[in-house]
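Values in this text are rule-based calculations from the coordinates and carry no lab data. Because the structure is predicted, anything quoted here is derived from the model rather than measured. Don't worry about glycine lacking a Cβ; one is built from the backbone with ideal geometry, like all the others, and counts go over all protein chains shown.
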Amino acid sequence: MASIRSSLLDLAGARNRAPSGTDTLQADEARRRGQHALTQGKRAEALDWFRQAVLLAPDSAAALRDLGRCLAEDGRPGEATAPLMAALERAPKDAETVRALGAVAQMVATRQGGVDLPRLPSVHALLEVLDNDRLDHGHFAMLCIAALRAMPGLASALAALAREGLDAAVTRLLGESAGMLRDPLLIHYLARTVNLDPDLERLLTGLRRRVLSDGLYRRNGPPPAFLAAMARQCRNNEYVWYEDEAETEAVAALAEDLAARIAANRKVGAEVSAYALYRPVETLPGAQSLGRRTPVTDAEARRLAAEALKTAAEERRLEREIPTMTPLSGAISAAVARQYEENPYPRWLSLTIPSPQWDREVDVLIAGCGTGKQAVTAGFAYGARARILAIDLSRASLAYAARMARHYGLANLRFAQADILGLEGLERSFDVIECVGVLHHMADPLEGWRVLASRLKPGGLMRIGLYSERARQPIVAGRAAIAERGIPPTEAGIRRFRRDVLAGTVPLGVLAAASSDFFALSDTRDLLFHVMEHRFTIPRIAECLATLGLEFGEFSLPRADADRLLAEVGGEPGDLEAWDEIERRHPQLFRGMYQFTCRKPEMRR
Ligand SMILES: C[S@@+](CC[C@H](N)C(=O)[O-])C[C@H]1O[C@@H](n2cnc3c(N)ncnc32)[C@H](O)[C@@H]1O
């Protein structure tokens, strides 16, 4: 603890600083003064007070939280991470700390150009994070990787990978570095996130191959808990890791053997975990009998099977209950629906729960809700009195969304299958319509946008997300490489393409731009293999808004970042010409998407 404490003092910038007359002040008083300074817009002064508070009470979760929050507001998410993680360790259930840390982790994960972390995240705090499903674990993946890579066992296996190749690295991981296979952070990281480290992916892909080919799941291999965590990782990434022909054949043989034993009600064991490294357990013929008529002797395999069967059954049931509001409209809607039936997107695992922003009855439409991450976020953000309708073309996506909404206990959300183009006849209109990452996948995005605008009440608000032509240039190059090589959008095609990108035989720019969207199958398909993609520019967005009679609001960027960028060009938040100039200077700024609000004017009397 001593070293954590001294590094926090260091971080607070307090070690070499005399407390300048405030040493007699209590930490609470320093915090109060900091908060007062904040209300007066004096952030630098507030930061000084919050640092004093941490100096006076280095173990106070509240003081650490204030300091972290203030650093984040000041546009310094990297520096904010350590005090917020330290606050979480001290008060893991504190909702404000959880929310502040979630917001900072999102900034760290998504900020263009990356974020410098002044120090390594604490393993203990990361374990708290991964145990808390009110935090988006995906936003912490890079922090987990930083902590894992600093561990000697993994560092040595990855060094062997770089110097001696995959076989030697796997041998190291099973030998000298075998302690890593029992490491709680690695096990939690694999089970509860999608891995974002290409080197770790290569290493584990090699380990998986060795486990299968040498039958190491039976004996002399990784501990059962590690195998189960790796199987959960493969489920999380939708089996996107590359497998060679020998593996495909060996998995087919394993499935046949398991199916015969299940049919004969003979007991099965760790082979189930081995199968789950490659395929969903529920796809095994007769899987329903696992743990019932067919005994599963390995406890980890039993848990894996039970989990997978329960989730699949729940989604099947929820899918049957989802009403159909409109038919699919035209060939593009049908092709897009097919893509998302096969690969619902995004396959999210947890969420940073926002605090309610509204406390009134409000009608909200989430158009193209996919697997519901946006809709569940809305379910919390618009408050318990909101009436939210979330629609999508894909029933598989809606079933995933409905399962997650149940998991988070939301009662203000309804799901329905519908095509945006069919909503014109809908009698209901909405105070808010969110449509993020959807219009650019329609045959005519402006037509889709027009239909949505027709369902918005006068004075109503829209939140729109559209691809940027500038930011997606590396993706455009990736799509061209895919077309040139004739790679099909199948599981095997996507796996092969990723293997080539990771091996550096297609433009690396694709990987850099894709970042976190390259590590699960549906992500890669959505990003690079989409059946229909339009891209926008800011002048084009201005034209669409003018055509639809909507007023631009603002881009969704962290406030400190937006202020800094606008100051560069001397613009106002609502000035689209200024934003076009900003994007010209920072072409990757909207690499996720343009996300912005716009409003329908009140009706004139
Ligand atoms: C990239 S996903 C975005 C999901 C969600 N908005 C999000 O941000 O997480 C696009 C979703 O839009 C849906 N979609 C595309 N065209 C649609 C249409 N015409 N009507 C309704 N949904 C549509 C797709 O089925 C897919 O689930």
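Data table
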item: Candidates per GluC sites (Glu not before Pro) in region 323-409, loop by DSSP, up to 12 other Cβ within 10 Å; result: GLU361
item: Contour excess over end-to-end distance, with Cα ends at ALA384 and ALA155 and 0.36 nm allotted per residue; result: 77.7 nm
item: Three semi-axes of the equivalent ellipsoid, region 342-428, Cα gyration tensor, whole Å, largest first; result: 20, 18, 9
item: Length released on extending from ALA95 to ALA334, taking residue separation times 0.36 nm less the Cα-Cα span; result: 81.8 nm
item: Residue-averaged [θ]222 nm for the chain, counting only DSSP H segments that reach four residues, each worth -39500 (n - 2.57); result: -16500 deg cm²/dmol
item: Solvent-free Debye scattering, log10 I(q)/I(0), computed from the Cα coordinates of region 398-496 at q = 0.23, 0.25 Å⁻¹; result: -1.20, -1.27
item: FRET efficiency estimate (nearest 0.05) - Cβ-Cβ, ARG119 to ARG163, R0 25 angstrom; result: 0.35
item: Rounded D (µm²/s) - region 242-359, Kirkwood Rh over Cα pairs, Stokes-Einstein at 4 °C, 1.567 mPa s; result: 75 µm²/s
item: From phi via Karplus (6.51, -1.76, 1.60), per-residue ³J(HN,Hα) for region 124-134 in Hz, x at Gly/Pro; result: 4, 5, 5, 5, 4, 4, 6, 8, 10, 7, 9
item: Only Lys, Arg (+1) and Asp, Glu (-1) charged, at Cβ; the chain dipole about Cα centre in debye; result: 1140 debye
item: Vicinal HN-Hα couplings computed from phi for region 316-329 (Karplus, 6.51 cos²θ - 1.76 cosθ + 1.60; Hz; Gly/Pro x); result: 4, 5, 5, 4, 5, 7, 6, x, 9, 8, 9, x, 6, 10
item: Value of D in µm² per second that Stokes-Einstein yields for the chain, Kirkwood Rh from Cα pairs, at 10 °C (1.306 mPa s); result: 61 µm²/s
item: Integer Hz, Karplus 6.51/-1.76/1.60 couplings in order for region 204-209, x for Gly and Pro; result: 6, 5, x, 5, 4, 4
item: Projected-area average for region 81-191 over all orientations - Cα convex hull basis, square nanometres; result: 7.5 nm²
item: Length released on extending from ASP28 to TRP358, taking residue separation times 0.36 nm less the Cα-Cα span; result: 115.8 nm
item: Ratio Rg/Rh [Cα only; Rh per Kirkwood] for region 179-323; result: 0.97
item: Whichever lysines have a C-alpha closer than 27 Å to that of LYS600, once near sequence neighbours (fewer than 8 apart) are set aside; result: LYS373, LYS457
item: Within region 161-254, trypsin sites (Lys or Arg not before Pro) in DSSP loop having at most 14 other beta-carbon neighbours inside 10 Å; result: ARG218, ARG219
item: Charge context of ASP580, other residues only, Cβ under 14 angstrom, K/R +1, D/E -1; result: -4
item: For SER350, residues with placed amide H under 5 Å, excluding near neighbours; result: HIS137, GLY138
